[in-house]
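Colleague: Handing you a structure now.
The values are calculated or read from the model by the stated rules, or taken from the named source; none is laboratory data. Source: prediction; values computed, not measured. Neighbour counts run over all protein chains shown; Cβ positions are idealised from the backbone, glycine included. SASA here: full protein model, heavy atoms, side chains in, ligands and nucleic acids out. Shrake-Rupley method; radii C 1.70, N 1.55, O 1.52, S 1.80 Å.
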Amino acid sequence: EKAGYKHFMLKEIFEQPRALIDTFRHRVDPHGGEIILEEFHLNPDEVKRLKKITMVACGTSFHAALVGKFMLESLCRLPVEVDLGSEFRYRDPFVDSQTLLISISQSGETADTLAGLREAKTKGARSLAICNAVGSSIARESESVFYTHAGPEIGVASTKAFTTQLVSLYLIGLYLAKQLGYRQPDQIQQNLQALFKLPTLLQDVLDENRAIREIGQKYMKANNFLYLGRGIHYPIALEGALKLKEISYIHAEGYPAGEMKHGPIALIDEHLPVVVLATRSPVFEKMMSNIEEVIARRGRVIAVSESDNDTVREKVETTIPVPETSLELSPILLVLPLQLLAYHIADLRGTDVDQPRNLAKSVTVE
Ligand code: F6R
């Protein structure tokens, strides 16, 4: 049932183009540019009364929430707060009936996320869950449920659940933006067109699999890795580092690149691979200066960047090419090479990729 793949994780990485389509297919009208969210139970007046959105999640789902913050703030012009389940539940959070609480969970059973949802409901918040497991506790206890339809995720390291959570947040963001009057139908149409192209672009990244394994070979002996991103790519740096540490047991840190000189720059030497997310974006120039700072300290830069981005390619030791897409959708594309890199390094080091030590697929205790 691994369909010829060596591990479930690899199979699930390769399932992502299909999984994404399953997330959006029945929720968009391909011609009129409409987004149909029958599962969302707030009426337009209630949406207009919302004062803020609070997102609660753990682990990889928390990283999806961090990307969601960028998407929802820019699309809906509402303040968005993101918290870890384990922090949110114990800090007497400021939520009320004008808060939309979005909980994000693949399994729908994560104890801390569930407790956060319950806490917010007690305070009167409206609730929307983004879940993969149908009929799970978080799904059952939420007022509205948006299923990701990624299909069962067996590998302990989350992959397709993450990218489908991001597509879900994008659709929810567009839907709310339209209700709030921040997006006109023609803009929605454009945003959806970009989404429809995404599965093919993901496939282009998956076609780099062999090359990424070779890159894995080149760096597999490192003891530490640093991942850097800015803006909407910062959570992808966190996610890349989490993937690597959980399956290969190599110590890895994700950092917002602008924070480098406030501490982590001290780690850089000729032994440190530094994975940088360096596609064209409003902060591309800033990212280039960070790359130069790393190189000046002899760090070994692995850049994820567009194939025609010579500015990056000419500077760095290794490049992983990705196609171009919109800024909001770029995290979905950029995380793929990081999943593959973590997978290959772990496999080359001979760890148990699908069942990493000390980890469980679903964390139902705190
Ligand atoms: C990482 C991973 C975990 C989960 C976290 C939350 O690859 O799988 O960090 O993301 O335990 O799980 P869910 O999404 O089921 O609430």
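Colleague: Treating the Cα atoms of segment 1-62 as identical point scatterers in vacuum, please give the log10 of the normalised Debye intensity I(q)/I(0) at q = 0.15, 0.20, 0.21 Å⁻¹, two decimals.
Modeller: Log-scaled intensity ratios, in q order: -0.81, -1.02, -1.04.
Colleague: Please build a GNM for the chain, connecting alpha carbons under 10 Å apart, and tell me which residue among G181, G229, G263 fluctuates the most.
Modeller: Of the options given, G263 has the highest mean-square fluctuation.
Colleague: How big is D for segment 290-338, in µm² s⁻¹ as a whole number, if Stokes-Einstein is applied with the Kirkwood radius of its Cα pairs at 20 °C and 1.002 mPa s? Please report the intermediate quantities before stating the final value.
Modeller: Numbers: Rh = 11.6 Å.
Answer from the Stokes-Einstein relation: 186 µm²/s.
Colleague: With the cut-off at 26 Å, tell me which of the pairs K123/K160; K51/K286; K2/K245 have Cα atoms farther apart than that.
Modeller: K123/K160; K51/K286
Colleague: Taking 8 Å as the Cα distance limit and 6 or more residues as the minimum spacing, I'd like the relative contact order of segment 111-187 as a percentage.
Modeller: Details: 63 pairs, mean separation 15.9, N = 77.
Contact order relative to length: 21 percent.
Colleague: With the crude spin-label approximation of a point 7 Å out along Cα→Cβ, what separation in nm comes out for R18 versus H271?
Modeller: About 4.3 nm separates the two model spin labels.
Colleague: Something else now. Y175: net charge of surrounding residues, Cβ under 13 Å, Lys/Arg +1, Asp/Glu -1, itself excluded? Each step should come with its number before you reach the end.
Modeller: Working: positive: R27, K178, R183; negative: D29, E34, E38, E39.
In short, -1.
Colleague: Under 18 Å from a point 7 Å along the Cα-to-Cβ line of K6: which residues of segment 202-220 have their amide N that close?
Modeller: Correct set: 206-220.
Colleague: Moving to a separate point now. On average, how much area does the Cα convex hull of segment 172-246 cover when viewed from any direction, in nm²?
Modeller: Numbers: hull surface 28.3 nm².
Its Cα hull, projected and averaged over all orientations, spans 7.1 nm².
Colleague: Rolling a 1.4 Å sphere over the protein heavy atoms, what is the accessible area per residue of the chain, to the nearest Å²? Present the calculation step by step, with values, prior to reporting the outcome.
Modeller: Numbers: 14780 Å² over 366 residues.
Normalised by residue count, the accessible surface of the chain is 40 Å².
Colleague: How many percent of the alpha carbon pairs in segment 236-365 exceed a separation of 22 Å?
Modeller: Everything past 22 Å amounts to 39 percent.
Colleague: While we're looking at this one, here's another question. When N counts the residues of the chain, how does its alpha-carbon radius of gyration compare numerically with 2.2 N^0.38 Å, as a ratio?
Modeller: Normalised by 2.2 N^0.38 Å, the Cα Rg of the chain equals 0.96.
Colleague: Between segment 320-366 and segment 194-236, what's the alpha-carbon centroid distance in Å?
Modeller: Value for the Cα centre distance between the two parts: 9 Å.
Colleague: Filter the chain for me: DSSP H helices, axial length by Cα at least 27 angstrom, mean Kyte-Doolittle hydropathy not below -0.5. List them by residue number.
Modeller: Once both thresholds are applied, what remains is 160-179, 185-206, 330-349.
Colleague: Need one value: the accessible area of D186 in square angstrom, 1.4 angstrom probe, rounded to the nearest 10.
Modeller: It works out to around 100 Å².
Colleague: Something else: Which value at 222 nm does the chain reach when only helices count, each DSSP H run of 4 or more adding -39,500 (n - 2.57), with the total divided by all residues and rounded to the nearest 500 deg cm²/dmol? Provide the component values of the computation, followed by the final result.
Modeller: Values: 14 runs with 166 residues, N = 366.
-14000 deg cm²/dmol, from helical runs alone.
Colleague: Step through the residues of segment 225-230 one at a time and calculate ³J(HN,Hα) from phi using the Karplus curve (6.51 cos²θ - 1.76 cosθ + 1.60, θ = phi - 60°), rounding each to whole Hz and writing x for Gly and Pro.
Modeller: 9, 10, 10, 10, x, 10
Colleague: Which percent of the Cα-Cα distances in segment 7-143 go past 24 Å?
Modeller: Pairs farther apart than 24 Å: 32 percent.
Colleague: Which length gain, in nm to one decimal place, applies between R49 and L348 when the Cα-Cα distance is subtracted from 0.36 nm times their residue separation? Numbers along the way, then the final one.
Modeller: Numbers: separation 299, 0.36 × 299 = 107.64 nm, distance 5.28 nm.
Answer, rounded to one decimal: 102.4 nm.
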